[in-house]
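These notes concern the structure reproduced below.
The values are calculated or read from the model by the stated rules, or taken from the named source; none is laboratory data. Note that the structure is predicted; figures quoted are calculated from it, not measured. Reconstructed Cβ throughout: ideal geometry from the backbone, glycine too, with neighbour counts over all protein chains shown. All accessible areas refer to the heavy atoms of the entire protein, side chains included, with ligands and DNA or RNA removed. Shrake-Rupley method; radii C 1.70, N 1.55, O 1.52, S 1.80 Å.
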Amino acid sequence: MNSSTLSRLRRWAAPLFVVLTLIVAGSVAAPAAAQEIPPDQLALARKYVDLINTSNLFRGVVLKTAIGSFKALTVGHADIEKDISDAVDRTIKSYAGDESDLLDQIARVYATVFTLEELQQIVAFYESPVGQKLAQASPELSKTTDDVLKVYQNNLSAEFVRRVRADLKEKGITI
């Protein structure tokens, strides 16, 4: 597995997490498959899913699976790692264009959460220049936001422990 494959996976990991979270939340709140959804509402939800480049999430899932498979298959087979890598790359390519079912399921989740009128407004926004810019920038924004959150959490973790120790010290407990 080459470094560009790993790079592509990292770039789409954050948006993938967001959509998968929505899918899980939607299925817990209201099982999407069990609800009757008007075709025009479902079509608008699918249009939204397409406008925000959700197909990149499918590629992320395939890449993440490929990396896991590569790691599992190469254990104890270092002598054929290149062959395994080539086979994994060919297998990744074999999934090209297979995202439709996943995107339909994601669209169904959005269609259960948003009304037809809301979906019309959402689609109108994402068809606008600002909406298109947001959709285009979202993967990089998600990555950058994730980086900022990691730094914040690291700093918060140290400060939090310091505050807990200070609180305990006021009670006569030193750790």
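Only a single criterion out of (1) on the phi > 0 side of the Ramachandran plot; (2) within 25 Å of the chain's Cα centre (by Cα) is not satisfied by residue 140, namely (1). Residue 102 meets all of the listed conditions (1) open to solvent by 70 Å² or more (accessible area, probe 1.4 Å); (2) in contact with a helix residue (DSSP H, G or I) (Cβ under 9 Å, 6 or more places away or on another chain); (3) part of a helix (DSSP H, G or I) but one, namely (1). One residue stands out among those in the range 48-76 that are outside any helix (DSSP H, G or I) and in contact (Cβ under 8 Å) with a residue 12 or more places away in the chain: the one that is nearest to residue 130 (Cα to Cα), which is 52.
For the criterion of being part of a helix (DSSP H, G or I), of a type in the set (Gly, Ala, Ser), modelled with pLDDT of 95 or more and surrounded by 12 or more Cβ atoms within 10 Å (Cβ to Cβ), residue 43 passes. Counting the residues of the range 125-175 that are open to solvent by 70 Å² or more (accessible area, probe 1.4 Å), in contact (Cβ under 8 Å) with a residue 12 or more places away in the chain and more than 18 Å from residue 54 (Cα to Cα) gives 1.
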